[in-house]
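K.L.:
One structure follows; several queries about it will come next.
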Amino acid sequence: MQAVDNEPKRTKRYVDEVFSQIQAKPGVEDILIMNHSGVPVKTSMERQEGLQYACLYDNLREKCQAFLSKMEPPQTLTLLRVRTKFNEVLISPDAKITVLVVQNAKDTFLKLKEKGATME
């Protein structure tokens, strides 16, 4: 008896559809989609930059997963969101692909801060 794979297939068509949906969102600057081995399969970045991001992501994923496995009960990484003053990086891994999105993080808080307004 064969085991049934409940995960949907991640075909080229699926990857292209995900890529175009993300690309249509406002503020998106870069997209990187990697296969389960961490190899870029589609990206808006230059090839070398995409490979570099993929390598750095793999290191970050390993560290996050080591941390999450120590929690009670052990957890798995489903979404990682890192924000800086100017950018926000969203990483969403699953069993077949990982989507990494770099987007513009400028928001109302930063606009107020730039104008010298205080929050009281």
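The values are calculated or read from the model by the stated rules, or taken from the named source; none is laboratory data. Quick caveat: nothing in here was measured; it's all calculated off a predicted structure. Backbone-built Cβ (ideal geometry, glycine too); neighbour counts: all protein chains shown. Calculation scope for accessible area: heavy atoms of the full protein, side chains included, ligands and nucleic acids excluded. Shrake-Rupley method; radii C 1.70, N 1.55, O 1.52, S 1.80 Å.
K.L.:
Mind checking whether some residue in the range 40-54 is surrounded by fewer than 15 Cβ atoms within 10 Å (Cβ to Cβ) and modelled with pLDDT under 90?
P.N.:
No: zero hits.
K.L.:
Can you find a residue that is surrounded by 14 or more Cβ atoms within 10 Å (Cβ to Cβ) and either part of a helix (DSSP H, G or I) or aromatic (Phe, Trp, Tyr) (or both) anywhere in the range 65-76?
P.N.:
Just the residues of the range 65-76 that are surrounded by 14 or more Cβ atoms within 10 Å (Cβ to Cβ), to begin with: 65.
Those left that are additionally either part of a helix (DSSP H, G or I) or aromatic (Phe, Trp, Tyr) (or both): 65.
Looking through the range 65-76, at least one residue is surrounded by 14 or more Cβ atoms within 10 Å (Cβ to Cβ) and either part of a helix (DSSP H, G or I) or aromatic (Phe, Trp, Tyr) (or both).
K.L.:
Still on this structure, please answer the following. Given the condition among the acidic types (Asp, Glu), within 30 Å of Thr11 (Cβ to Cβ), modelled with pLDDT of 90 or more and in contact with a Lys or Arg (Cβ under 9 Å, 6 or more places away or on another chain), answer yes or no: does some residue in the range 87-96 qualify?
P.N.:
Checked against the condition, which is being among the acidic types (Asp, Glu), within 30 Å of Thr11 (Cβ to Cβ), modelled with pLDDT of 90 or more and in contact with a Lys or Arg (Cβ under 9 Å, 6 or more places away or on another chain), the range 87-96 yields at least one hit.
K.L.:
In the range 28-39, what residues are more than 17 Å from Arg13 (Cβ to Cβ), modelled with pLDDT of 90 or more and either out of contact with any Pro (no Cβ under 8 Å at 6 or more places or on another chain) or of a type in the set (Gly, Ala, Ser) (or both)?
P.N.:
Across the range 28-39, the qualifying residues are Val28, Glu29, Asp30, Val39.
K.L.:
Could you please find all residues in the range 77-86 being part of a strand (DSSP E or B) and more than 15 Å from Tyr57 (Cβ to Cβ)? Please lay out each step first, then the result.
P.N.:
The first filter runs over the range 77-86 and keeps only residues part of a strand (DSSP E or B), leaving 80-83.
Selection gives Arg83 alone.
K.L.:
Follow-up question, since we're still on this one. Quick check: anything in the range 24-35 surrounded by 13 or more Cβ atoms within 10 Å (Cβ to Cβ), part of a helix (DSSP H, G or I) and of a type outside the set (Phe, Trp, Tyr)? Spell out the reasoning first.
P.N.:
Residues of the range 24-35 that are surrounded by 13 or more Cβ atoms within 10 Å (Cβ to Cβ), as a first pass: 27-35.
Imposing the further condition that a residue be part of a helix (DSSP H, G or I) reduces the set to none.
For the range 24-35, residues surrounded by 13 or more Cβ atoms within 10 Å (Cβ to Cβ), part of a helix (DSSP H, G or I) and of a type outside the set (Phe, Trp, Tyr): absent.
K.L.:
When residues of the range 20-37 are filtered for being in contact (Cβ under 8 Å) with a residue 24 or more places away in the chain and over 12 Å from the mean Cα position of the chain (by Cα), how many remain? Spell out how you get there, then give the answer.
P.N.:
In the first step, residues of the range 20-37 are kept if they are in contact (Cβ under 8 Å) with a residue 24 or more places away in the chain; the result is 22, 25, 27-36.
Then drop every residue that is not over 12 Å from the mean Cα position of the chain (by Cα), which leaves 25, 27, 29, 35-36.
Total meeting the criteria: 5.
K.L.:
Can Val18 be described as closer than 15 Å to Pro93 by Cβ, open to solvent by 50 Å² or more (accessible area, probe 1.4 Å) and modelled with pLDDT of 90 or more?
P.N.:
On the way: closer than 15 Å to Pro93 by Cβ: yes; open to solvent by 50 Å² or more (accessible area, probe 1.4 Å): no; modelled with pLDDT of 90 or more: yes.
Judged against the criteria, Val18 is not a match.
K.L.:
Go through the range 61-70 and give me each residue that's at pLDDT below 90 and either in contact with a Pro (Cβ under 8 Å, 6 or more places away or on another chain) or hydrophobic (A, V, I, L, M, F, W, C) (or both).
P.N.:
Residue satisfying the conditions is Arg61 alone.
K.L.:
Among the residues of the range 80-98, what is the count of those that are more than 17 Å from His36 (Cβ to Cβ) and either of a type in the set (D, E, K, R) or surrounded by fewer than 13 Cβ atoms within 10 Å (Cβ to Cβ) (or both)? Write out each step before concluding.
P.N.:
Our first condition is that a residue be more than 17 Å from His36 (Cβ to Cβ); within the range 80-98, this holds for 81-90.
Right, trim to either of a type in the set (D, E, K, R) or surrounded by fewer than 13 Cβ atoms within 10 Å (Cβ to Cβ) (or both) and you get 81-86, 88.
Counting residues in the range 80-98 that are more than 17 Å from His36 (Cβ to Cβ) and either of a type in the set (D, E, K, R) or surrounded by fewer than 13 Cβ atoms within 10 Å (Cβ to Cβ) (or both) gives 7.
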